[in-house]
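Working notes, structure below.
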Amino acid sequence: MKTLVNTTLCYIEKDNCYLMLHRTKKEHDYNKDKWIGIGGKFENGESPEDCAIREVREETGLVIEPVDLEYCGIVTFVDVSIPDAYTEFMHVFRARKISGALKTDCPEGELEWVPFAKLKDLPHWQADEIFYDFLAENHPFFSLKCVYKDNKLIETYLGGKEYNHWSKTSC
């Protein structure tokens with residue numbers, strides 16, 4: 001049976017840093033030991049914006065108003081090493097205006113403000129570097145497909161066209 005999952009990923013920006021989650025606490029976590037943005041799986045009836053706002057509140061204690069949520073793109077994450085394939089549609093957001101107090105204890109790991117320049121030094125999914133750059137460049141809304149096998153990025157497509165981010169020759 002093929003698995004299709006909708007999730008959100010929100011990059012909360014403040015003082016040239018993103019609030020990142022170091023995923024260390026959940027057993028059998030697909031993102032174990034990786035640093036990721038804030039987000040999670042859709043609940044029944046949620047829009048991408050609903051999910052992003054709820055996940056940020058639950059994981060961080062911070063509040064984002066819908067008007068302050070910037071929908072940046074969608075990443076189709078495919079893992080061909082999982083039997084029958086696994087596909088996740090990650091709706092990527094950025095927020096620059098927040099309120100509330102940051103939680104000191106997150107059930108999924110440690111929260112930390114990470115300077116933009118240090119993001120790529122931390123353990124992460126290889127394709128995350130592509131949308132880190134898109135966010136930094138204020139790239140228009142993007143549709144990025146990332147295909148992994150055995151935790152290695154083997155293919156990327158931007159807007160349906162093969163994309164080699166590291167050569168910067170594709171568009």
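Here are the numbers for the structure shown:
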| item | result |
| --- | --- |
| Matching residues, the range 127-151, being assigned to a strand (DSSP E or B) and not hydrophobic (A, V, I, L, M, F, W, C) | Ser143, Lys145, Tyr148, Lys149 |
| Residue satisfying condition, being among the basic types (Lys, Arg) and closer than 26 Å to Thr3 by Cβ, within set Lys145, Lys97 | Lys145 |
| Contacts under 7 angstrom Cβ, first residue in the range 50-73 being aliphatic (A, V, I, L, M), partner open to solvent by 20 Å² or more (accessible area, probe 1.4 Å) and assigned to a loop (DSSP other than H, G, I, E, B), 6 or more apart | Leu62/Ile98; Leu62/Gly100; Leu62/Leu102; Val63/Ile98; Val63/Gly100; Ile64/Ile98 |
| Residue match in the range 24-31 (condition: among the hydroxyl-bearing types (Ser, Thr, Tyr) and surrounded by fewer than 16 Cβ atoms within 10 Å (Cβ to Cβ)) | yes |
| Scan of the range 1-39 for residues that are at pLDDT below 95, farther than 12 Å from Glu112 by Cβ and hydroxyl-bearing (Ser, Thr, Tyr), ordered by number | Thr3, Tyr30 |
| Output for the range 71-102, where each listed residue is within 20 Å of Glu43 (Cβ to Cβ) and not in a strand (DSSP E or B) | none |
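The values are calculated or read from the model by the stated rules, or taken from the named source; none is laboratory data. Keep in mind it's a predicted model, so treat the numbers as computed, not measured. No Cβ is skipped: glycine too gets one built from the backbone with ideal geometry, and neighbour counts run over all protein chains shown. With ligands, DNA and RNA removed, areas are computed over all heavy atoms of the protein, side chains included. Shrake-Rupley method; radii C 1.70, N 1.55, O 1.52, S 1.80 Å.
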